[in-house]
1. Nearest 10 degrees, 0 to 90: what angle lies between the long axis of helix 57-94 and the longest principal axis of the chain (Cα atoms)?
2. Using the Karplus equation 6.51 cos²θ - 1.76 cosθ + 1.60 (θ = phi - 60°), what ³J(HN,Hα) coupling, rounded to whole Hz, does each residue of segment 103-120 give in order, writing x for Gly and Pro?
3. How big, in percent, is the set of alpha carbon pairs in segment 1-83 lying more than 17 Å apart?
4. Please give the charge dipole size of the chain, origin at the Cα centre, charges +1 on K and R Cβ atoms and -1 on D and E Cβ atoms. Round to the nearest 20 debye.
5. Where in the chain is the longest stretch that carries no trypsin sites (Lys or Arg not before Pro) classed as loop by DSSP and with at most 11 other Cβ atoms within 10 Å?
6. Quick one: helix 156-187 against the long Cα principal axis of the chain, what's the angle to the nearest 10°, folded into 0 to 90?
7. Pick out, from Gly10, Ser20, Leu72, the residue whose Cα sits farthest towards the positive end of the charge dipole of segment 9-99, with +1 on the Cβ of Lys and Arg and -1 on the Cβ of Asp and Glu.
8. Helix 8-20 versus the longest principal axis of the chain: what is the Cα-based angle in degrees, 0 to 90, to the nearest 10?
Amino acid sequence: IHTATPSFLGLVRGEFFKISRQWVIWLMLVLLAGVIFLPYLVTFTISNVKDSLHNNPLYFLTIRMESNASVLRVFIGIFLLVLTATVIGMEYQLGTIRVLLARGVGRLQLLAAKVLTITLFGLGVFVAGLLLNVVLMCIVVSLVAGNLDAFKAIDSTFWNNTWLYILSILISMGATILLATALSVAERSLAIGLSASLVWFPIDNIGTEFLYLADRLTHNNFWLNISAY
């Protein structure tokens, strides 16, 4: 009688293997890289970019950091929604979850392995995105100014703001993974989980603007407090 059950690490390795075979995930990574490239290309279309870099390099680098980090935060969130919904929802769509459970894998063990895999993969993509931003910024500064002297203007305030922004992105990533996980498990469907996750993301980001307008019209802080929850 076969009594051996898959180990937790084995489940995690299996999830990484599944992700590596998903063409949708690789397509999303290519799109994410393209979106990261775009703001740097737009920088070259700004007429006074060279003067701005020479006259106030710290301000220029701070604005670029906040703008490019914001792009990374938004689009890595969309990527994580697709990744999470695919990794979890695909088991229900293909019916393979029954096979895994029949082999002795616990539901919570399987879910924990999937969430850990998604988290590690997401962190890897995040680190790669940060490194890509650093490399592209160095290239832009070098091409515009002819050297990298602008980076000498970076002070402790810049680094403090950068680390805080990175922390906010990590928190956003964690919330995004939990959201997509909850919806995918609750609906037990790839299509519904993915659709619900992608619909919620713009509501969460754009909805704050409507809450702000409601606050201005009613002069009641109740509307602003909603977004905190």
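Only the coordinates and a few stated rules stand behind these numbers; no lab work does. Quick caveat, the model's predicted, so the values are computed rather than measured. Using ideal geometry, Cβ is built from the backbone for each residue, glycine included, and neighbour counts are taken over all protein chains shown.
1. On a 0 to 90 degree scale, this one is about 10.
2. Residue by residue, segment 103-120 yields 8, x, 7, x, 4, 5, 5, 5, 5, 4, 5, 5, 5, 5, 4, 4, 5, 5 Hz.
3. Value for segment 1-83: 64 percent of Cα pairs lie more than 17 Å apart.
4. Working: 13 positive and 10 negative charges, 161 e Å.
Once rounded to the nearest 20, the dipole reads 780 debye.
5. 104-229
6. Approximately 30 degrees, to the nearest 10.
7. It is Gly10, whose Cα lies furthest towards the positive end.
8. With rounding to tens, the tilt is 60 degrees.
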